[in-house]
1. Near Gly32, within a Cβ-to-Cβ distance under 13 Å, what is the net charge of the other residues, with Lys and Arg +1 and Asp and Glu -1?
2. Quick one: dipole size for the stretch 63-129, taken about the Cα centre, charges +1 on Lys/Arg Cβ and -1 on Asp/Glu Cβ, in debye to the nearest 20.
3. Tell me the relative contact order for the stretch 54-115 as a rounded percent, counting alpha carbon contacts under 8 Å between residues six or more apart.
4. Rounded to the nearest 20 Debye, what is the dipole magnitude of the stretch 22-110 about its Cα centre when Lys and Arg each give +1 and Asp and Glu each give -1 at the C-beta?
5. First measure r as the distance between the Cβ atoms of Thr28 and Tyr75, then evaluate 1/(1 + (r/R0)^6) with R0 = 25 Å and state the FRET efficiency to the nearest 0.05.
6. Calculate, for Ala116 and Asn56, the FRET efficiency according to 1/(1 + (r/R0)^6) with r their C-beta to C-beta distance and R0 25 Å; round to the nearest 0.05.
Amino acid sequence: MSNYSRTLAVAASLLMVAAAAYSQTPATPPTGSVSHGKELFMKYTCYACHGFSGQNGNGARLVPMKFPQAGFIAYVRNPPRANQMPSYSPKVLPDGDLADIYSYIRSLPDSAPSPASVPILRDILNENK
Ligand code: HEC
């Protein structure tokens, strides 16, 4: 590998580590109904773009959730780019229903490996100790 591509690979890996460190799930536990949220996640086709696991598909990863509940609701009401994700008005999805969807998403396990379990990332973590 050339020095340049090695530098690039290291830079990319460091970015991944940094991203993992900063994508923290909000501390407050959600209080909505997980089972009703699951029904709504299917009914309103969130799964079509975000995957059944909330971690794949054409949409952004929802697990781990980076928004507190209020921020999540605000996002779904008014996604920043309307050509990427449809907006869901309170008529279609009242706040209570979105709180249930939020609880369901927060209940989904994060299947991403920890950086320390990926050999190249572990090497980099050790190099920087
Ligand atoms: C037609 C595809 C589509 C559907 C249906 C859809 N989304 Fe999205 N969603 C996206 C895309 C694409 C993005 C990334 C948008 C962007 O970066 O501008 C996104 C982003 C998000 C985000 C922000 C994620 C982040 O961390 O930045 C949340 C939260 C979200 N969607 C929740 C939902 C929920 C809840 C539903 C169902 C009620 C839903 N989405 C339905 C495509 C979709």
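What follows is calculated from the coordinates using simple rules that are stated; it is not laboratory data. Treat the numbers as computed from the prediction; the structure is a model and nothing was measured. So basically every Cβ, Gly included, is an ideal-geometry build from the backbone, and we count neighbours across all protein chains shown.
1. -2
2. 160 debye
3. Relative contact order, the stretch 54-115: 41 percent.
4. 200 debye
5. Computed FRET efficiency for Thr28 and Tyr75 comes out at 0.90.
6. 0.65
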